[in-house]
């Protein structure tokens, strides 16, 4: 009897444990696991991964019309590994950056985040992508080029104890604030640390160079790059030990974190990773890029033809940056380029089209763009009654500009025949232009213009629109 009583008690305890476990599962909904699965499902379903990064001279910028940057190239490699597209959100405000992640507006933070215990409470860090240490940024004294090495050194802070009583400006929300507070305790004296909410680290470095502020702090790898732009700054005084830099995902996003880590561990061993790292952190030509008129963060320019794009885009009610992206795709802003097929100029118009709109090879770049815009307006006029939504119509116009209107009208007819929406590009008409090299489709009775190698057109539309998003990230209207 006692044996059965014990057995019943054990069964009751076991049932209670199951009930409590289920109750907890219901309250949390196994939220971590469910959310992780839905997160990965969402990335796969949407076919894109959304990352937030900061724009500066190393992580993400536009130069001569092309998006570039250490973080950008790493992210692009990750997206290729996952088989999805990359969408970039730009934020130079760390508080906003973390909020984007917590609110579900992005999938990961891709900046040089120092791994700390405090941050680990709110995010999950990936494997480190690099290492650095924090350094003091200070201005060399006037006339430093004529000084001896010893004289120069005597005018610079080399001992952390000498920071006592000094004022150091840092980006708000950065780890530099915490490090300076700890250093203040370590040296047993006060360091006046001022957080600036509207300044990114590289902007503060520039203020040091210009004499607006005396000191700031940055990661050593960033400091060494900026030393090539601003020869009067010094970044040789370390204020921390070496630290790991990593990306971050939401707490509990184990599947996404593991996918990133699987890629990153292998990728860091490749020649491509070394090339990317050296390209942005050990390249002596970096200064030429930043000082160029076409380094968009400083100049706000995509090319020397921006004024033409701004003027002509008004005739078709396009954002000028979209027109610029199309021109980059066609000619890389080289007005003298000529294709194997005979297309020429910034807009790469074929001779027959160019003649139709009143230009030839002797025409100016402005006349070439003007003719290209007239062609776009003509395409728009034909498609306007067919594709009512302007944003959708732009995709059809871009595709028509690349491969010819006839093939796009064929693809619309195929979409309609096979139960797709002929007025939507993504997942509808683009499928048929992509597959118009397949006899099943180009020999269909509704097709009038025959075979088409549509893969190029499919990529053409995507690349122009992707680049347009990058332009919008860093260049104002």
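The values are calculated or read from the model by the stated rules, or taken from the named source; none is laboratory data. This one's a predicted model, so the numbers in the text were calculated from it and none came from an experiment. Cβ sites come from the backbone with ideal geometry, for glycine too, and all protein chains shown count toward neighbours.
So the values come out like this:
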quantity: Selected residue (only one of 301, 279, 274 is modelled with pLDDT of 90 or more and within 30 Å of residue 112 (Cβ to Cβ)); calculated: 274
quantity: Residue among 190, 182 that is closer than 25 Å to residue 97 by Cβ and modelled with pLDDT of 90 or more; calculated: 182
quantity: Candidates 441, 460 - the one that is in contact (Cβ under 8 Å) with a residue 12 or more places away in the chain, crowded, with 18+ Cβ neighbours inside 10 Å and within 21 Å of residue 63 (Cα to Cα); calculated: 460
quantity: Count of residues meeting criterion [touching a residue at least 40 places away in the same chain (Cβ under 8 Å) and either part of a helix (DSSP H, G or I) or crowded, with 16+ Cβ neighbours inside 10 Å (or both)] in the stretch 448-457; calculated: 5
quantity: Only listed residue being under 22 Å from the mean Cα position of the chain (by Cα), closer than 26 Å to residue 144 by Cβ and assigned to a helix (DSSP H, G or I), chosen from 208, 225; calculated: 225
quantity: Residue ID - surrounded by the most Cβ atoms within 10 Å (Cβ to Cβ), chosen from residues in the stretch 386-399 that are out of contact with any helix residue (DSSP H, G or I) (no Cβ under 6 Å at 6 or more places or on another chain) and not in a helix (DSSP H, G or I); calculated: 386
quantity: Residue that is farthest from the chain's Cα centre (by Cα) [pool: residues in the stretch 298-318 that are outside any helix (DSSP H, G or I) and under 19 Å from residue 55 (Cβ atoms)]; calculated: 303
quantity: Answer from 402, 423 - the residue that is surrounded by 16 or more Cβ atoms within 10 Å (Cβ to Cβ), within 32 Å of the chain's Cα centre (by Cα) and more than 20 Å from residue 326 (Cβ to Cβ); calculated: 423
quantity: Complete set of residues in the stretch 172-187 that are over 14 Å from residue 135 (Cα atoms) and either in contact (Cβ under 8 Å) with a residue 24 or more places away in the chain or touching a helix residue (DSSP H, G or I) at 6+ places or on another chain (Cβ under 7 Å) (or both); calculated: 172, 173, 186, 187
quantity: Residue list for the stretch 242-258, restricted to those being in contact with a strand residue (DSSP E or B) (Cβ under 9 Å, 6 or more places away or on another chain) and either assigned to a strand (DSSP E or B) or surrounded by fewer than 19 Cβ atoms within 10 Å (Cβ to Cβ) (or both); calculated: 242, 243, 244, 245, 246, 247, 248, 249, 250, 251, 252, 254
